[in-house]
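Computed from the coordinates by the stated procedures, all read-outs in this text should not be read as laboratory data. Because the structure is a prediction, the values reported are computed rather than measured. Don't worry about glycine lacking a Cβ; one is built from the backbone with ideal geometry, like all the others, and counts go over all protein chains shown.
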């Protein structure tokens with residue numbers, strides 16, 4: 001009965017409700033990822049590229065976000081002390 005009630009709602013409303021339900025999780029994850037000042041830039045770049053919906057060569061933004069985050073981390077990390 002509940003399933004048929006939800007199926008009667010417009011798809012945009014269901015998507016919006018799911019997004020609202022995930023806001024706390026996304027916010028908490030982003031806050032945790034940006035806690036460390038040393039990896040804050042890489043985490044934000046990874047998040048923004050992933051959220052952009054970028055698609056190159058048929059490869060989704062999830063891959064490009066991960067790649068951009070790793071590259072940003074390698075560029076911005078402090079060199080190891082000898």
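What the table shows:
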| quantity | calculated |
| --- | --- |
| Label of the coordinate-derived value, log10 I(q)/I(0) by the Debye sum over Cα atoms at q = 0.12, 0.17, 0.22 Å⁻¹, listed as [x] -0.53, -0.81, -1.02; [y] -0.56, -0.81, -1.03; [z] -0.35, -0.68, -1.01 | [x] |
| Degrees separating the helix 11-33 axis from the principal Cα axis of the chain, which is the longest one | 30 degrees |
| Computed over the chain: relative contact order in percent, which uses C-alpha pairs under 8 Å that are six or more apart | 24 percent |
| Label-to-label distance, nm, for residues given as residue 18 and residue 66 (7 Å Cα→Cβ offset) | 2.1 nm |
| For the chain, calculated [θ]222 nm from helices alone, where every DSSP H run of n ≥ 4 adds -39500 (n - 2.57) | -23000 deg cm²/dmol |
| Cβ-Cβ FRET estimate between residue 30 and residue 8, R0 fixed at 35 Å, reported to 0.05 | 0.55 |
